[in-house]
Amino acid sequence: MSSSANKKAIQALAETISKKVEHFNKKEVECLIWRFNALLEAQKHSDGSVSGLDRNQFKVVLHNLFEMTDDFIMDRVFRIFDKDNDGFVTVEEWIQGLSVHFWGTLDEQKRYCFHMYDLKGSGFITRDDIFLLLKDSFHLRLEEEGREDDYQDEQDEINELMEIVLKKMDHDKDGRLSFQDFEKSVKKEELLLEAFGSCLPNFRKKFEQQVLEKQQDE
Amino acid sequence: MGVSLSKAAQWTTFSPDASKLKSTPTNEALLKEILTFVEQIGSQHPQEADFTFEAPLQWRTTVVTSDLKSDYHIRDSTAWSHETDSREAPPLLTPFTVRVRSLGQLSMLIQAAEDKKLEEVQACLEVGSRLFCCPSLKSDAQYDPDFMKVEMDFLQFCSEGDDRLLKSVRYTSDFEFWNGCRAPPWRQAQGEICYVVIESVDTGSLNVTCCTAGVFLNGVGGPGALFISNSRKEFILNSAAGVTLWLLLFHTYIMYIHSVTCRLRDCCSFRKTSSKATLAELSSETSSESEEEEERPEHQPESDFYLSSEFLQIKKLVKYLKKGDQKVTLLMLCCMLDLDLTQDSCNLAIRDEGGLQFLLNLLDTNEDKCKIGALKILIRMSRCVPIQRSMEDMLGVRSLVNNLDSEVTKVKALAAETIANVANFPRARRTVRQSGGIEKLIKLLDCFLKSQKKSDHLENMEAARCGALALWSCSRSTKNKKAICSAGGIPLLGCLLTSSLESMLIPVVGTLQECASEESSRITIQSKDIIKNLVKNLRSNCTDLQIQCSMALFKCAEDTETRDLVRKYKGLKPLVELLNNTNNKELLAAATGAIWKCSISIENVLIFQNDKVLESLAGLLTAQPEEVLINVAGALTEFLQVPANKAVIRKCDGIKPMIQLLLSTNQALLVNVTKAISACATDRENMKIIDELDGISLLWSLLQNPNPEVQASAAWAICPCIGNSKDAMRTVLSFQGFGRIPDLLMSTNNEVLASICAVIAKLAKYKNILATLTDLGIVSLLTKLTNTKDDRLRHHLSDAICHCCQFANNTAAFGEAGAVEPLVRYMKSEDILVRQSATMALFQLSWDPNNNLTMLSRGAVKVKSLTDEVETKQVFFCSGNMTPPFSRHGN
């Protein structure tokens, strides 16, 4: 494909996608497509067939562009972006995901984050979910020492920690966090939006500068 | 308490020569705890770490030079600390012996010991116990029965609970004498207070004698374990530093065993005291800026706070805050925001659990979300005064300043708001300046003013608002005012004045107002736009803003142009309207202040008088706080410069309250009131009232005031009174206060001298008084003053000499004392008033032939080209007097 034809194709694609998403204009969508293609290009070397970003490549993107570090959370983000569950994030899924989840309104982000922490899709963030989300927070020292007694101590500590968290966020006292609980907590303190792990871009200004604004200039 | 400690650590013997720690589980726990403490000294208590011992702490060591890191100068098997000059200071480490001079050195050395840490601490402690047992401390601090009771209560507290140290603590006698002692009277004569038996958990009982000199163990042969309580802080700081160290160590131990005791606080205040001493010694700038600083004692939380669920919650939260990864940290930060951070006890507990340090450490990371959470907590904690000091001690102010350049606007805003709270005391304000904070705060204002994008507008505005708040706090230090001005802050603040947001305007005007105390900044502030906007905001609905604006005008209107600008922008009327807020005293003080300064321009007084301001002001002379009265009196003085107003003040009964204010003790108020009375007294009708109220004697008694300013302004006020009072002579003669005049003539303050000379000139008109003054040796006292170069003094001095010549042979006496020669020199003065009064004085002096000769020899006649008619006339008279010797000579 010649570069001008390529450009046209991208513009046409941007046209269609920008009608479907809310928070980006056509120009921005175009930039995102360019960036997506560039990322795809990088992936091609290892794998011949390409229908989108695979899990690993996607995680690299999350790490590099959005400064995410938590592996567990990045897996969750991939699952949520990959709507059709085919193991790849396509260009449309990529832009849709960015639009709703990362660029969305606070309400959209609340839903996204809640969904992120509701590991089993039960509609609640249960004790088990919280345990899984927080257990790694003490994980490092477990490996270092690896003794039975310490393991028990860790368990106790995580349990105590869960009690503290539930006391704060479980407003209806049913031992799990409903969306209403979550929403109420976030309303009171916005930092709780990412209570159980950073899953939103770290101050998206940087991303805007790197991806959106920079490419607009080109 | 000390006894309990020496008992807790199980020494093999109490003999001072061979104290060895037994190897028991208790001792091991104790050692471990002390070790942890010592290792953390450098990071947790940096200032204490610098505290230098008077005598080095020395013990036998197994540490060798190869264990040491690069922080030391090492030669062969000897090492010197980096901090000391290797040539002069004794070595830190020689084979088998170590000498440390500060807690910091101790900490570093123990860390170098690697796996022998515990042994080192033990060796150190064993030596310490010898130090400890050795009563080399000469104390003038005396213990009393009440103090002993407090100590006993604590010891008894130690003997309660499951983890108790002591089995029991009891007095040997249940009978208590009226003076609180339990020792028999004949032993009391020896200074003994009571005897106590202490039983510890796993050793035998211990008999202790408490006496005024300290606490001693019985039967150890001579004075045994002397212990000094830390409630005598002055004593500790003067004592051998070795003991200071042990106190710290042992307190940590006590804290560990009884983390719920109320003694926690004691230890903290102790820490503070020691850091204060260090600062005073090490930092020279502290003294310059600490003059405004006052140490407030920390509020001591109720002891049952440490048993409350709130305290346990704090402990838990801080524990996980420190322990978890950033995810947990963020969660804990959110939970901590639910704590009642308006309570000092909560804040202090967070600090003492190590939470404050951790929060401050978060500021140095890249975790912006954690930073935001931490800052939200710090903003609230920093409203608590002891926390402000701790934050500065923990180097938190620097971290806050560093965050003012964050990429995240929210972080900048929160950091600035925290600085606004912390910069409540001089040392923190200095740190902000020294770490470049002033420039960064000003940059926040600049960012907002330059920000174009609408999306960022609100965020940038919040940052600018917080920046202004911080600048406002910082501007309370003189050097910061200058820094704000020289960094170009004032024009930016001026631009922000156009804002319509009160929350923005108050700190902006507040900062401008503070800066206006500095003359250099005032020039920049007195620009048209700033004055215009200040005037505009006088009409705001927000009282705080009105206060700040009035205060700014008060400071700026010292300058004529500003006064004209205030008039031009119609600012006088709103100032007058503010006088109606008689309930808000702060506002009233600010408004009267602005009116005072504005009324220095007569044009403004005339406008003020359209609104009958003089009448309103006279109404404010009673039942107001001193701040208001000072300004009202100042304003009245200016108003009374307009002759018509002298009748007005009489008609509105303003004189009586003024005279009553002469009984005040506030010196600034006295200065202003005497000035106002002085302006009143030039009117004869007013003077009648002053006489009726015995105003002259009240003024005269103010000559006794120690403040020279009060003395002078009282003396100036006396002058018109004497001139205008019908029976002034009777009044003045009726009190025997002349003795004060010779004293005041020996003052070093020229203003006092000039005013007293003026009073003498007035009094000398009455022969009786002049006779008394002459007896008091006034001639020689006045003559002594003639060498002055101060024209104002010269003028009144010449006047006084002139009038004193009227009595007996004073004329000759002045001549003999040598007054003529300097007066002749006064004729060369640039000041016409000096020349006039000197001529008059010389004229009087010329009645004495000898003086005439002196004048002639000094060339008095041709001294000056005559520029003034009066002067010419006087010189003519003078020459007239001079003729006789000539003619006599001729004959």
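To keep it simple, each residue is scored yes or no on (1) within 14 Å of chain A (Cβ to nearest Cβ); (2) of a type outside the set (Gly, Ala, Ser); (3) assigned to a helix (DSSP H, G or I); (4) in contact with a Leu (Cβ under 9 Å, 6 or more places away or on another chain).
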position	(1), (2), (3), (4)
B:Ile314	yes, yes, yes, yes
B:Leu321	yes, yes, yes, yes
B:Cys335	yes, yes, yes, yes
B:Leu339	yes, yes, no, yes
B:Cys346	no, yes, yes, yes
B:Phe358	no, yes, yes, yes
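Among the candidates B:Asn421, B:Asn402, which residue alone is more than 27 Å from the chain's Cα centre (by Cα), part of a helix (DSSP H, G or I) and surrounded by fewer than 24 Cβ atoms within 10 Å (Cβ to Cβ)? Steps first, please.
Values: B:Asn421 fails: more than 27 Å from the chain's Cα centre (by Cα).
So the residue among B:Asn421, B:Asn402 that is more than 27 Å from the chain's Cα centre (by Cα), part of a helix (DSSP H, G or I) and surrounded by fewer than 24 Cβ atoms within 10 Å (Cβ to Cβ) is B:Asn402.
What single numbered condition from (1) touching a residue at least 40 places away in the same chain (Cβ under 8 Å); (2) over 14 Å from B:Ser755 (Cβ atoms) fails to hold for B:Ile722?
Evaluating B:Ile722 over (1) touching a residue at least 40 places away in the same chain (Cβ under 8 Å); (2) over 14 Å from B:Ser755 (Cβ atoms) leaves (2) as the failure.
Restricting attention to the range B:362-376, which residues are over 16 Å from B:Leu317 (Cα atoms) and either within 14 Å of chain A (Cβ to nearest Cβ) or surrounded by fewer than 21 Cβ atoms within 10 Å (Cβ to Cβ) (or both)?
Within the range B:362-376, the subset over 16 Å from B:Leu317 (Cα atoms) is B:363-369, B:371-372, B:375.
Of everything in the range B:362-376, those that are over 16 Å from B:Leu317 (Cα atoms) and either within 14 Å of chain A (Cβ to nearest Cβ) or surrounded by fewer than 21 Cβ atoms within 10 Å (Cβ to Cβ) (or both) turn out to be B:Asp364, B:Thr365, B:Asn366, B:Glu367, B:Asp368, B:Lys369, B:Lys371, B:Ile372, B:Leu375.
Scan the helices (runs of 4 or more DSSP H) fully inside the range B:550-667 and keep the ones with 3 or more residues being of a type in the set (Val, Ile, Thr) and out of contact with any Asp or Glu (no Cβ under 9 Å at 6 or more places or on another chain).
Working: elements: B:560-568, B:572-578, B:585-598, B:602-610, B:613-619, B:626-639, B:643-651, B:655-661.
In the range B:550-667, the matching helices (runs of 4 or more DSSP H) lie at B:560-568, B:626-639.
Can A:Lys110 be described as within 30 Å of A:Ala14 (Cβ to Cβ) and either at pLDDT 80 or above or touching a His at 6+ places or on another chain (Cβ under 6 Å) (or both)? Walk me through how you get there before you give the answer.
Values: within 30 Å of A:Ala14 (Cβ to Cβ): yes; either at pLDDT 80 or above or touching a His at 6+ places or on another chain (Cβ under 6 Å) (or both): yes.
It is true that A:Lys110 is within 30 Å of A:Ala14 (Cβ to Cβ) and either at pLDDT 80 or above or touching a His at 6+ places or on another chain (Cβ under 6 Å) (or both).
Taking the range B:762-808, which residues are small (Gly, Ala, Ser), surrounded by 21 or more Cβ atoms within 10 Å (Cβ to Cβ) and within 14 Å of B:Phe738 (Cα to Cα)? So that I can check it myself, show each step before the final result.
Restricting attention to the range B:762-808, the residues satisfying the condition of being small (Gly, Ala, Ser) are B:764, B:771, B:777, B:780, B:798, B:800, B:808.
Then drop every residue that is not surrounded by 21 or more Cβ atoms within 10 Å (Cβ to Cβ), which leaves B:764, B:798, B:800.
The one that is small (Gly, Ala, Ser), surrounded by 21 or more Cβ atoms within 10 Å (Cβ to Cβ) and within 14 Å of B:Phe738 (Cα to Cα): B:Ala764.
Just name the residue that is farthest from the other protein chains (Cβ to nearest Cβ) out of those in the range A:165-174 that are within 15 Å of A:Asp128 (Cα to Cα) and in a helix (DSSP H, G or I).
So in the range A:165-174, the residues within 15 Å of A:Asp128 (Cα to Cα) come out as A:165-166, A:170, A:174.
Within this subset, residues satisfying the condition of being in a helix (DSSP H, G or I) are A:165-166.
On the way: A:Val165: 6, A:Leu166: 11 Å.
My answer is A:Leu166.
Can you pull out every residue in the range B:341-382 that is at pLDDT 90 or above and touching a Cys at 6+ places or on another chain (Cβ under 6 Å)?
B:Asn347, B:Leu362, listed by residue number.
Among the listed residues B:Glu439, B:Glu459, identify the single one that is within 14 Å of another protein chain (Cβ to nearest Cβ) and more than 20 Å from B:Ser390 (Cα to Cα).
Working: B:Glu439 fails: within 14 Å of another protein chain (Cβ to nearest Cβ).
Among B:Glu439, B:Glu459, only B:Glu459 is within 14 Å of another protein chain (Cβ to nearest Cβ) and more than 20 Å from B:Ser390 (Cα to Cα).
Answer yes if at least one residue in the range B:569-590 is of a type in the set (Val, Ile, Thr) and over 18 Å from B:Gly634 (Cβ atoms), and no otherwise.
Scanning the range B:569-590 turns up at least one residue that is of a type in the set (Val, Ile, Thr) and over 18 Å from B:Gly634 (Cβ atoms).
Quick test for you: out of B:Asn645, B:Asn584, pick the one residue that is surrounded by fewer than 17 Cβ atoms within 10 Å (Cβ to Cβ), farther than 22 Å from B:Val710 by Cβ and free of Cβ contacts under 8 Å to residues at least 60 places away in the same chain.
Values: B:Asn645 fails: surrounded by fewer than 17 Cβ atoms within 10 Å (Cβ to Cβ).
Answer to the check: B:Asn584.
The values are calculated or read from the model by the stated rules, or taken from the named source; none is laboratory data. Just so it is clear, the structure is predicted and the values come from calculations on it, not from any experiment. Don't worry about glycine lacking a Cβ; one is built from the backbone with ideal geometry, like all the others, and counts go over all protein chains shown.
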